[in-house]
Amino acid sequence: MRQRAARDQQRLDSGAVTSPKDLESLQREITSLAKRQGDLEDVVLEVMERRESAQERVTELSDRVSAVQAKADDATARRDAATKELDEQAATVTKEREVVAGSVPADLMKLYDRLRAQQGGVGAARLYQRRCEGCRLELNITEVNDVKAASPDTVLRCENCQRILVRTSESGL
Ligand SMILES: [Zn+2]
């Protein structure tokens, strides 16, 4: 379009076109070409601006994806570390339990396992300040006296929740 406008302008400047009608038509064409060129430049500018803003948006979204990915990676690493630590603790506790269970008489172990299954995973409870720590109920005076009278070897049970009661120096006896 530019070339055509330049060619028209050349013909106009050369003086080869003499007829007023042709001159007028040539001048009109040059004007019309200039206007179309202006319009096209506006379109090109607008497209470039839109392209630029789209590029900015792409960059912004890429940054956000990277940030979220970094957070996800961090959370995964922390979860894996916590899982590893818990597995190690579980292995240690399992070993410790085996050692303790080996020292408990078989019938008592059987009773404990049965109670543990019945009582939500807790088969034995500490007697603390005259209170069963399994069901949180305080023993009445008769029960306290029974516990006091029992020999250290007797397996005591909570009257309320049936769990094995474990006496300590803090049992309040
Ligand atoms: Zn109890």
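Values quoted throughout were computed directly from the atomic coordinates according to the rules given, and no laboratory measurement underlies them. What you see is a predicted model; the values in this text were computed from it and never measured. Every residue, glycine among them, receives a Cβ derived from its backbone with ideal geometry; neighbour counts consider all protein chains shown.
Structure values in brief
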item	result
Within a Gaussian network of the chain (alpha carbon springs, distance under 10 Å), most fluctuating of 118, 55, 27	27
Built amide H within the under 5 Å cut-off of residue 137, gap 5+	132
The chain - share of DSSP beta bridges that are antiparallel (%, nearest 5)	55 percent
Net charge of neighbours whose Cβ lies under 11 Å from the Cβ of residue 111, counting Lys and Arg as +1 and Asp and Glu as -1	+3
Per-residue ³J(HN,Hα) for segment 17-26, Karplus 6.51 cos²θ - 1.76 cosθ + 1.60, θ = phi - 60°, Hz, x for Gly and Pro	8, 10, 5, x, 5, 5, 4, 5, 5, 5
Pairs of Lys in the chain closer than 27 Å at Cα, counting only those 8 or more apart or on different chains	5
Proximal charge balance of residue 139 [Cβ under 13 Å; K/R count +1, D/E count -1]	+3
Whole-Hz ³J(HN,Hα) from phi, Karplus 6.51 cos²θ - 1.76 cosθ + 1.60, for segment 111-116, glycine and proline x	4, 4, 5, 5, 5, 4
Gyration tensor (alpha-carbon) shape descriptor, the chain, a/c threshold 1.5	prolate
DSSP-defined beta bridges in segment 106-167 - what % are antiparallel, rounded to 5	55 percent
Per-residue HN-Hα couplings for segment 43-56 [Karplus 6.51, -1.76, 1.60; θ = phi - 60°; Hz; x = Gly/Pro]	4, 4, 4, 5, 4, 5, 4, 5, 5, 4, 5, 5, 5, 4
